[in-house]
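The values are calculated or read from the model by the stated rules, or taken from the named source; none is laboratory data. Quantities reported herein were computed from a predicted structural model and do not represent experimental measurements. Neighbour counts are summed over all protein chains in view; Cβ atoms, including those assigned to glycine, are modelled from backbone coordinates with ideal geometry. When the accessible area is computed, the model is the full protein with side chains, heavy atoms only, and any ligands, DNA or RNA have been set aside. Shrake-Rupley method; radii C 1.70, N 1.55, O 1.52, S 1.80 Å.
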Amino acid sequence: MDKVLTKPHLSFEVFPPSASVPNEKIYQTVQSLGDLQPEFISVTCNNKKLNFNDSTLKIASYVENELQLPGVVHLTARYFDKNQIDYILAELKRLGINNILALRGDLVPGKEPKNDFKYASDLIEYIKQKDSNFKIFGACYPEGHPESPDKVTDIRRLQTKVAAGCDCLITQMFFSNETFYQFQEDCALANINVPILAGIMPIVNRSQALHVIQSSASYLPKKFVTMLDRYKTNPAALKAAGLAYAINQIVDLVTQNVDGIHLYTMNHPDVARHIYQETQTLFAM
Ligand code: FAD
C-alpha cells in the first residue's frame, strides 16, 4: 500500500518474537500499533535465525493486507544469495508489499556469509535494477557506523548507498538531538537529499537501559545517564522518565522540522500509544 509521505510523519518498528512468545501476541501488537495509523510499520529480520519467510514476511503481510497500512520488510544482504533474494522479491510482489529496508545486516560470529552482496548498497542496486517500483529505505548512523574508520568515510559510503537507489534513510537510535542535527548538516553538505527519519528508542526498563549502555556506540548525554542511575531501583519512575525523555526528543525534532520519527517500539504498543497521545498534535501541523 502506498501512502504519500506527509511531513513530519510517525512510523513504528517491531521485531518477530522469539519462539517462547505465543504467535498471536505479535499480531495483537501490530493491530494496536495500526490503530494509531502510522505512516508505516517496519518488521526486522533476524540474521541468527534467517526464517524471513515465516516471520518478517508474514508480519509485514499482515500489516499490509489486514491492517491496510504500508508494511516495510527489513531485508539483509549478507546471508542471502541472488536466488533467495529473487524469490523474496517475487513474494513481496505477490503480497503487495512495496517497501524494503535494505541492510547489510548484523554479522553473526561463526556463520558463513554468502558472497553475492557484501554491502547494503549492493543489495539496493540489485533490487532497483530488478524492479524500480520498490521503495527502498536504508540505515544510517548519526555517530558513524561502528566499523567505519571515521565520519567522513561513513558519509561517503552513505552517498554511495543513496546513489544506488535508496529513497529514504532511517537513523540508528540516538539520545542527543545535537548529534542528529550535525548529521543532517553533514548529509546536506554531501548532497544527500533523501528524507532522513529519526530513530527514537524510548527506554522503559532497566534491562533495556543496560543493554543500550553495554551495546550501543551512541553518545549518552549526562542527563540520560543520570536518569538511568537515579531510577535504577524504581521501575515505575524509570519508565516515566524514559518516556518523558523520548517525548522531549521528539518535540524538539518535530519543532526543528525533522522529516519523520521512526519509533523503535520494542513490541510495546502501550509505549507507542502513550508517545503518540503526547505528541499527536505536533504531527498534525
Ligand atoms: P552498510 O551500509 O553495508 O554498511 C556496513 C559497513 O560497511 C559500514 O561500516 C560502512 O561504512 C561500510 N561500507 C559500506 N559500503 C562500503 C564499501 N563500498 N566499501 C567499504 N566499506 C563499506 N540488522 C539486522 O540484522 N536486522 C535488522 O532488521 C536490522 N534493522 C536495522 C534497522 C535500522 C534502522 C538500523 C539503523 C540498523 C538495523 N540493523 C539491522 C543493523 C544493521 O544491519 C547493522 O548496523 C549493520 O552492521 C550495518 O548494516 P547497514 O545496512 O547499515 O550496512
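For the range 128-265, the Cα-based Rg and Dmax, in that order, read 16.3, 53 Å.
Sort the chain into rounded, prolate or oblate with this rule: let a ≥ b ≥ c be the square roots of the eigenvalues of the Cα gyration tensor; rounded if a/c is under 1.5, and if a/c is not under 1.5, prolate when a/b is larger than b/c, oblate otherwise. Judged from the Cα gyration tensor, the chain comes out rounded (a/c under 1.5). Checked against a 23 Å cut-off, the cross-linked pairs Lys93/Lys135; Lys151/Lys239; Lys48/Lys130; Lys48/Lys93; Lys135/Lys161; Lys151/Lys232 give Cα-Cα distances beyond that limit for Lys151/Lys239; Lys48/Lys130; Lys48/Lys93; Lys151/Lys232. Taking every Cα-Cα distance in the range 186-285 and sorting them into 5 Å bins starting at zero, the pair-distance distribution P(r) comes out as 2, 11, 21, 22, 18, 13, 7, 3, 1, 0 percent. Around the Cα centre of the range 130-253, unit charges on the Cβ atoms of Lys, Arg, Asp and Glu (plus for the first two, minus for the last two) sum to a dipole of about 420 debye.
With R₀ set to 30 Å, the beta-carbon distance separating Asp229 from Asn193 gives a calculated FRET efficiency near 0.15. For Asp154, neighbours were defined as the other residues whose beta-carbon sits under 12 Å from its Cβ, and their charges (Lys and Arg +1, Asp and Glu -1) total 0.
Compute the separation of the alpha-carbon centres of the range 88-138 and the range 12-39 and state it in Å as a whole number. Between the Cα centres of the range 88-138 and the range 12-39 lies a distance of 22 Å.
On the basis of the beta-carbon distance and an R0 of 35 Å, Ala237 and Tyr181 show a calculated FRET efficiency of 0.75. Remark: the chain carries 48 Å² of accessible area per residue (probe radius 1.4 Å; ligands, DNA and RNA excluded).
Between Val108 and Leu220, the FRET efficiency estimated from the beta carbon spacing at R0 = 30 angstrom works out to 0.70. Taking 0.36 nm per residue of separation and subtracting the Cα-Cα distance, full extension of the segment from Gln68 to Gln277 would add 73.1 nm. Solvent-accessible area assigned to carbon and sulfur over the range 10-283 amounts to 49 percent, based on a 1.4 Å probe. Relative contact order for the chain: what is it in percent, counting Cα pairs under 8 Å that are at least 6 residues apart? The value is 20 percent. For the chain, a crude dipole built from +1 on the beta carbon of Lys and Arg and -1 on the beta carbon of Asp and Glu, taken about the Cα centre, is about 480 debye to the nearest 20.
What whole-number distance in Å separates the alpha-carbon centres of the range 218-237 and the range 185-216? Result: 17 Å between the Cα centres. The alpha carbon gyration tensor of the range 55-174 gives principal lengths a ≥ b ≥ c with a/c of 1.5 or higher and a/b greater than b/c, which makes the shape prolate.
For the peptides 37-47, 15-25, residues were scored by their other Cβ atoms within 10 Å and the scores averaged per peptide; the highest-first order is 37-47, 15-25.
Helices in the chain, meaning DSSP H runs of at least 4 residues, each add -39500 (n - 2.57). Divided by all residues, the mean residue ellipticity at 222 nm is -13500 deg cm²/dmol.
Spin-label model, Glu91 to Lys49: label points 7 Å out along the Cα-to-beta-carbon direction sit 1.3 nm apart.
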